[in-house]
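Report on the following structure.
The values are calculated or read from the model by the stated rules, or taken from the named source; none is laboratory data. Values in this document were obtained by computation on a predicted structure and should not be read as measured data. All Cβ positions, even for glycine, are placed from backbone atoms using ideal geometry, and neighbour counts span all protein chains on display. Note: accessible area is taken over every heavy atom of the protein model, side chains too, but ligands, DNA and RNA are not part of it. Shrake-Rupley method; radii C 1.70, N 1.55, O 1.52, S 1.80 Å.
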Amino acid sequence: MTTYIPIIVITLLILFLGLFMVKQQTAFIVERFGKFNSIRFAGLQFKIPFIDRIAARLSLRIQQLDVVVETKTNDDVFVQLKISVQYQILRDKVYDAYYRLQNPHEQLTAYIFDLVRAEIPKMILDDVFEKKDDVAFAVKRDLKEAMLDYGYDIVKALVTDIDPDASVKEAMNRINAAEREKVAAQHEGDAQRILIVERAKAEAESKRLQGKGIADQRREIAKGLEESVDTLNKAGINPQEASALIVITQHYDTLQSIGADSSSNLILLPNNPNAASSMLNDMTASLLAANKIKEMNTKK
């Protein structure tokens, strides 16, 4: 029984040294005497101790590489772009991913630099901001085609940041501020124009209503004068004398209203004691002459 003990110990030692665990979404490269032997995926695996060795542990999950590229646009503006590339190793091309590329990160970075510096110089700075998705698509398309033979699949490419030179950003901010001030000035001008138009409309409406009021006032005054003349005619005063009397009465009413205001500096000419008498005589003579002319025209 004791003779089997060394065999059992050696067997247990081989099992202990040979068994290993591969995690999910991971691939192990196993080499035998320095030569590729096999690829092991998730689960409990076994290798021959001292003969086989685990050469590499490769993740099959999606990984991300961030690269900052500085280049020049078509309008001679230096700009930095941050490109985020998401990639993964294809399950059926683990061998190519490990043995064909010495340093996959450097290889991807070199391709990204080359692709971005080929696309951005074709655009002006404004187009870089507006068409960043087109740049990302071009990077993904060309990078996917180049890296597929090496066992890498490009899942997504994103332009996550665009950073022009500080002086360029300052100039862009000034331009933006000037444009906004221009728009604000235009809106203020439109508001002022609308205000002026509305004021003119309001003033025109006021004048119209004022004129209508004056016309109504004069109509009522004429109506009152007509009634006054009729009343005087009934009292035996002829129309000419009645009209002259009404005018003289209005003349004295005017003088009374002027005298009632102590601060008035209005001077009414003529303003002597005989002015009313002369005015009455003149108006009576004028009315009589007018009536005679009217009668003569009627006879003709």
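Annotation for segment 118-141: no member residue is surrounded by 15 or more Cβ atoms within 10 Å (Cβ to Cβ) and either farther than 25 Å from ASN74 by Cβ or among the aromatic types (Phe, Trp, Tyr) (or both). If you go through segment 64-77 and pick out every residue that is open to solvent by 50 Å² or more (accessible area, probe 1.4 Å) and touching a strand residue (DSSP E or B) at 6+ places or on another chain (Cβ under 6 Å), you end up with 5.
Within segment 80-89, the set of residues being open to solvent by 40 Å² or more (accessible area, probe 1.4 Å) and within 15 Å of ILE154 (Cα to Cα) comprises GLN86, GLN88. Is it the case that LYS212 is over 39 Å from the mean Cα position of the chain (by Cα), modelled with pLDDT of 75 or more and farther than 30 Å from ASP126 by Cβ? It is true that LYS212 is over 39 Å from the mean Cα position of the chain (by Cα), modelled with pLDDT of 75 or more and farther than 30 Å from ASP126 by Cβ. Looking across segment 96-111, the residues that are without any contact (Cβ under 8 Å) to a residue 60 or more places away in the chain and open to solvent by 50 Å² or more (accessible area, probe 1.4 Å) come down to ARG100, GLN102, ASN103, HIS105, GLU106, GLN107, ALA110, TYR111.
Residues that are free of Cβ contacts under 8 Å to residues at least 40 places away in the same chain and touching a strand residue (DSSP E or B) at 6+ places or on another chain (Cβ under 9 Å) within segment 25-40 comprise GLN25, THR26, PHE28, VAL30, GLU31, ARG32, PHE33, GLY34, ASN37, SER38, ARG40, listed in sequence order. Within segment 155-165, how many residues are open to solvent by less than 70 Å² (accessible area, probe 1.4 Å) and within 25 Å of THR73 (Cβ to Cβ)? Within segment 155-165, residues that are open to solvent by less than 70 Å² (accessible area, probe 1.4 Å) and within 25 Å of THR73 (Cβ to Cβ) number 6.
Picking from residues in segment 47-63 that are over 22 Å from PRO104 (Cα atoms) and surrounded by 14 or more Cβ atoms within 10 Å (Cβ to Cβ), the one that is farthest from the chain's Cα centre (by Cα) is PRO49. Among the residues of segment 152-163, are any part of a helix (DSSP H, G or I), closer than 30 Å to LYS82 by Cα and not charged (D, E, K, R)? Scanning segment 152-163, I find no residue that is part of a helix (DSSP H, G or I), closer than 30 Å to LYS82 by Cα and not charged (D, E, K, R), so the answer is no.
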